[in-house]
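**Q** Before I ask anything, let me first share the structure, which is written out below as structure tokens.
The values are calculated or read from the model by the stated rules, or taken from the named source; none is laboratory data. Quick caveat: nothing in here was measured; it's all calculated off a predicted structure. Because the Cβ atoms are built from the backbone with ideal geometry, glycine has one as well, and the counts that use them run over all protein chains shown. These accessible areas exclude ligands, DNA and RNA; they are computed on the full protein's heavy atoms, side chains included. Shrake-Rupley method; radii C 1.70, N 1.55, O 1.52, S 1.80 Å.
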Amino acid sequence: MIKDKILEKLNRTLEQCADKDIFQVPSGFELQLEVPRAEEHGDFATNLALNLAKPNRCSPRDIATSFVEQLADGDGLFLEVEIAGPGFINLVISPSAWYKVLDEIARLQQNYGRSELGRGKYVQVEYVSANPTGPLHVGHGRGAAVGDALATILQATGHKVEREYYINDAGTQIDTLGRSVFLRYQQLLGRQIEFPETCYQGDYIQVLAKEMKEIHGDSYLDSSEEEALPVFSEHAARRILEGIRKDLEDFGVHYDRWFSENSLYENGTVDRVIETLKASGHIYEKDGALWFRSTALGDEKDRVVVRGNGMTTYLASDLAYHQDKYLRGFDLVIDLWGADHHGYVERMYAGVVALGKKRENLKLLLVQLVNLLRKGKQVTMSTRAGEFVTLEDVIDEVGRDAARFIFLTRRSDSPLDFDLELAKEKSADNPVYYVQYAHARISSIIRLADERQLNLDSPEKVDLTRLSLPEEMALIKQLSLYPEVVENSARFLEPHRIPYYLTQLASAFHSYYKHNRIIQDDLSLARARYYLVKAIRIVVGNGLGLLGVSAPEQM
RNA sequence: GCGCCUGUAGCUCAGGUGGAUAGAGCAACGGACUUCUAAUCCGUAGGUCGGGGGUUCGAAUCCCUCCAGGCGUGCCA
């Protein structure tokens with residue numbers, strides 16, 4: 001990478017300056033190198049002189065001048081070195097160095113953009129984890145897209161990643177589910193029963209009740225809840241979970257492991273973790289309940305883990321669950337939660353610390369709400385009344401690629417407007433097609449070149465100096481940025497940087513394409529442009545791959 | 001009340017953890033296909049980065065404060 005090369009040179013020069021006592025470099029000083037916004041400020045700029053001025057008590061420009069004098073550029077990487085403004089050192093990189101970016105892309109292909117950033121790090125990403133009490137809705141879709149992309153990005157940067165879905169198959173919501181189906185079942189068999197508001201209202205409950213009727217006839221009609229509930233709950237949860245798995249499959253989201261909350265109770269993990277925390281003084285008894293002393297670890301109040309009636313709370317199994325995660329050896333555990341859980345965040349961090357891990361070993365990401373729109377108008381959704389647009393509906397209507405891409409265009413902690421009509425539109429308004437179209441167009445060029453047997457694809461004959469237009473240099477520079485975008489996306493756990501980058505790259509390509517012909521009589525020029533355009537296709541394809549969006553060859 | 005998040009162009013949002021003159025897309029207006037896909041391109045316009053103070057060579061970015069909005073604040077899940 002060009003940036004690494006520059007950094008190496010600059011750092012060496014810095015050491016030299018310090019050795020020769022030209023100026024002082026404080027220990028731990030970190031050199032900053034950035035791509036300036038304004039073109040006239042060069043390809044790269046460093047503010048090192050500005051930062052070193054104070055400790056040396058002299059002007060930034062003096063530092064910059066002596067630094068530049070020491071800067072040796074044996075292999076001609078720099079075309080120009082300039083001191084500007086208050087003391088920035090601006091660097092212009094020679095075209096020959098830029099051309100090597102294209103060679104690198106051609107050599108690495110699908111591996112261009114992959115890195116070793118996370119080598120040796122074992123990361124778990126847990127996402128969606130919706131309760132098996134109803135079908136997935138749009139909000140879950142966002143969590144699925146973000147979690148899946150994040151996991152892929154982490155893999156691409158060398159992390160070892162496991163994807164997991166936590167099934168909340170214990171607790172009162174499962175009883176409620178069973179009761180809901182049981183009541184509908186009884187109604188179906190002619191009983192006049194009032195259906196309480198606290199039960200699940202959706203049509204899918206009716207469907208499940210019908211299934212129970214088909215399987216068991218009326219044999220549970222006169223059963224007590226005690227007798228019926230386990231059977232009804234088990235069937236309902238299993239069927240709903242099957243649906244969830246199928247929806248996620250259809251969305252292109254796969255898991256390495258489906259983890260049952262219930263198993264934590266069955267194998268005694270929950271009890272064990274409570275005992276452990278009691279022994280370490282993190283859990284105490286008060287008013288007949290067991291409390292987790294989370295205030296000692298930054299939470300605003302202590303939290304109950306076992307209620308006075310002996311029932312455990314959600315937190316109890318979550319503590320057990322996270323202990324289990326760390327026992328499996330993860331260095332970093334990432335949980336994606338719906339934004340409505342945000343009051344829960346601090347106690348979870350506290351829990352992880354109480355379990356003997358560091359706060360940094362856990363990263364809780366909140367995925368904000370999805371505002372579903374149709375032609376700019378809000379689509380009403382009410383969970384209570386059981387009216388919501390399911391993920392399945394959305395995928396059926398707008399397609400997998402559009403849905404995934406749109407879910408990933410915003411940072412996940414800000415609310416997202418999702419317009420169904422816009423998502424279907426095949427125009428520039430719709431960033432998915434805009435990016436995919438760039439890939440398809442290049443593919444089309446490649447097809448045409450093949451058909452005409454122009455033999456443009458012969459790297460050994462390529463004369464890259466033919467790429468001399470400003471747009472061409474700009475495209476190459478943009479391509480060179482891609483690995484860094486992926487790295488930052490992984491470092492900050494922000495997948496939205498990828499779609500943003502891809503949209504910009506696609507934009508630059510479309511403009512270039514419109515104004516310049518790739519295939520043409522000047523074969524030497526054609527070969528060079530073909531080489532460039534192929535590199536663009538690789539990067540677009542790789543980027544879309546990270547998002548789980550297809551890269552079509554034709555549209 | 002307390003806690004967390006958000007506030008950038010008419011709308012939806014970027015802004016690479018402090019850099020130089022603030023960035024896209026949409027909407028608006030005006031243009032461009034007999035040549036590799038018009039699902040495209042080109043141009044015009046649009047701003048007190050919520051207000052105020054501070055930190056420093058330098059702030060949309062960090063700190064304080066105020067204003068506005070959202071969410072949370074169960075022995076619920």
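**Q** Once both axes come from the Cα atoms, what is the angle between helix A:431-451 and the longest principal axis of chain A, in degrees from 0 to 90, rounded to 10?
**A** 60
**Q** Taking H as built 1.01 Å from N, whose amide H comes closer than 5 Å to the amide H of residue A:516, not counting residues under 5 places away?
**A** none
**Q** Determine the alpha carbon to alpha carbon distance for each of A:100/A:121; A:325/A:363; A:375/A:426 and list only those over 24 Å. Present the calculation step by step, with values, prior to reporting the outcome.
**A** Working: A:100/A:121 31 Å; A:325/A:363 13 Å; A:375/A:426 15 Å.
Beyond 24 Å between Cα atoms: A:100/A:121.
**Q** Going by Cα centres, the range A:475-543 and the range A:78-155 are how many Å apart?
**A** If you average the Cα positions of each part, the centres end up 14 Å apart.
**Q** Here's a follow-up. Ordered by residue, what ³J(HN,Hα) values in Hz, to whole numbers, does the range A:303-309 give under the Karplus form 6.51 cos²θ - 1.76 cosθ + 1.60, where θ = phi - 60° and Gly and Pro are x?
**A** Values, residue by residue: 10, 6, 10, 10, 6, x, 7 Hz.
**Q** Follow-up question, since we're still on this one. Over all alpha-carbon pairs of the range A:177-288, lay out the pair-distance distribution in 5 Å bins, whole %, shortest bin first.
**A** 2, 10, 15, 16, 12, 12, 12, 11, 7, 4, 1, 0
**Q** So what J values fall out for the range A:251-258 if you push phi through Karplus, 6.51 cos²θ - 1.76 cosθ + 1.60 with θ = phi - 60°, rounded to Hz, Gly and Pro as x?
**A** After applying 6.51 cos²θ - 1.76 cosθ + 1.60, I find 8, x, 10, 10, 10, 7, 7, 10 Hz.
**Q** How far is helix A:203-216 tilted, in degrees, relative to the longest principal axis of the Cα atoms in chain A, given as a value from 0 to 90 rounded to the nearest 10?
**A** With rounding to tens, the tilt is 50 degrees.
**Q** How tilted is helix A:497-515 with respect to the longest principal axis of chain A? Cα atoms for both, answer in degrees (0 to 90, nearest 10).
**A** 50
**Q** Mind computing the radius of gyration and Dmax over the alpha-carbon atoms of the range A:322-384? Å is fine for both.
**A** When restricted to Cα atoms, the range A:322-384 yields Rg and Dmax of 16.5, 51 Å.
**Q** Then there is this: Carbon and sulfur: what percent of the range A:94-149's accessible surface (1.4 Å probe)?
**A** On the way: 930 of 2060 Å².
Heavy-atom surface of the range A:94-149 belonging to carbon and sulfur, 1.4 Å probe: 45 percent.
**Q** Averaged over all directions, how much area does the convex hull of the C-alpha atoms of the range A:2-93 cover when projected, in nm²? Walk me through the numbers on the way to the answer.
**A** Numbers: hull surface 22.1 nm².
With the hull built on Cα positions only, its mean projection is 5.5 nm².
**Q** Here's something else I'd like to know. Run the dipole for the range A:2-93 about the Cα centre, Lys and Arg Cβ at +1, Asp and Glu Cβ at -1, nothing else charged, and hand back the magnitude in debye, nearest 20.
**A** Details: 9 positive and 16 negative charges, 71 e Å.
Rounded to the nearest 20 debye, it is 340 debye.
**Q** Of the options A:98, A:202, A:217, report the single residue whose Cα projects farthest towards the positive end of the charge dipole of chain A (beta-carbon charges: Lys, Arg +1; Asp, Glu -1).
**A** The listed residue farthest towards the positive side: A:98.
**Q** Another question, if that's okay. Working from the pairwise distances between different alpha carbons, so that the mean of 1/r is found and then inverted, what is chain A's Kirkwood radius in Å? Walk me through the numbers on the way to the answer.
**A** On the way: mean 1/r = 0.0364 Å⁻¹.
So the Kirkwood estimate lands at 27.5 Å.
**Q** While we're on this one: Using the 2.2 N^0.38 Å rule of thumb for compact globular proteins, work out how the range A:180-222 stacks up: its C-alpha Rg over that value, please.
**A** Working: Rg = 9.7 Å, N = 43, 2.2 N^0.38 = 9.2 Å.
Cα Rg divided by the expected 2.2 N^0.38 Å: 1.05.
**Q** Please list, ordered by chain and number, the residues whose modelled amide H lies under 5 Å from the amide H of residue A:419; skip anything fewer than 5 residues away on the same chain.
**A** Result for residue A:419 returns A:373.
**Q** At 1.4 Å probe size, what's the solvent-accessible area of residue A:303? Round to the nearest 10 Å².
**A** Around 30 Å² of this residue is reachable by solvent.
**Q** Work out from phi, with θ = phi - 60° and the Karplus expression 6.51 cos²θ - 1.76 cosθ + 1.60, the ³J(HN,Hα) of each residue of the range A:26-38, listed in order in whole Hz, and give x for Gly and Pro.
**A** Rounded to whole hertz, the list is x, 5, x, 5, 10, 6, 10, 10, 9, 8, x, 5, 7.
**Q** Could you list which residues have their amide H under 5 Å from that of residue A:166, counting only those 5 or more apart in sequence or on another chain, with H placed in the peptide plane?
**A** Long-range HN contacts for residue A:166: A:127, A:129, A:259.
**Q** Work through the residues other than residue A:297 whose Cβ is under 10 Å from its Cβ and net out their charges, Lys, Arg +1 and Asp, Glu -1.
**A** Cβ neighbours under 10 Å give a net charge of +1.
**Q** What does the accessible area per residue of chain A come to in Å², with a 1.4 Å probe and no ligands, DNA or RNA counted?
**A** Numbers: 26570 Å² over 555 residues.
So chain A comes to 48 Å² accessible per residue, rounded to a whole number.
**Q** Follow-up question, since we're still on this one. Taking K and R as +1 and D and E as -1, what net charge do the other residues with C-beta under 14 Å from the C-beta of residue A:182 add up to?
**A** Values: positive: A:179, A:184, A:191, A:210, A:213; negative: A:175, A:194, A:211, A:218, A:222, A:225, A:226, A:227, A:234.
Result for the neighbourhood of residue A:182: -4.
**Q** Excluding residue A:109 itself, calculate the net charge of residues whose Cβ lies under 11 Å from the Cβ of residue A:109, where each Lys or Arg counts +1 and each Asp or Glu counts -1. Intermediate values should be presented prior to the final figure.
**A** On the way: positive: A:107, A:114, A:534, A:537; negative: A:104.
Surrounding charge for residue A:109 is +3.
**Q** Next question. Please give the calculated 222 nm ellipticity per residue for chain A, where each DSSP H segment of at least 4 residues contributes -39500 (n - 2.57) and the sum is spread over every residue; nearest 500 deg cm²/dmol?
**A** Details: 19 runs with 277 residues, N = 555.
Only helices count here, giving -16000 deg cm²/dmol.
**Q** Quick check on chain A: of the DSSP beta bridges with both residues there, what percent are antiparallel, nearest 5%? Spell out each step's value before the answer.
**A** Working: 23 of 46 bridges.
Taking every DSSP beta bridge with both residues in chain A, the antiparallel ones total about 50 percent.
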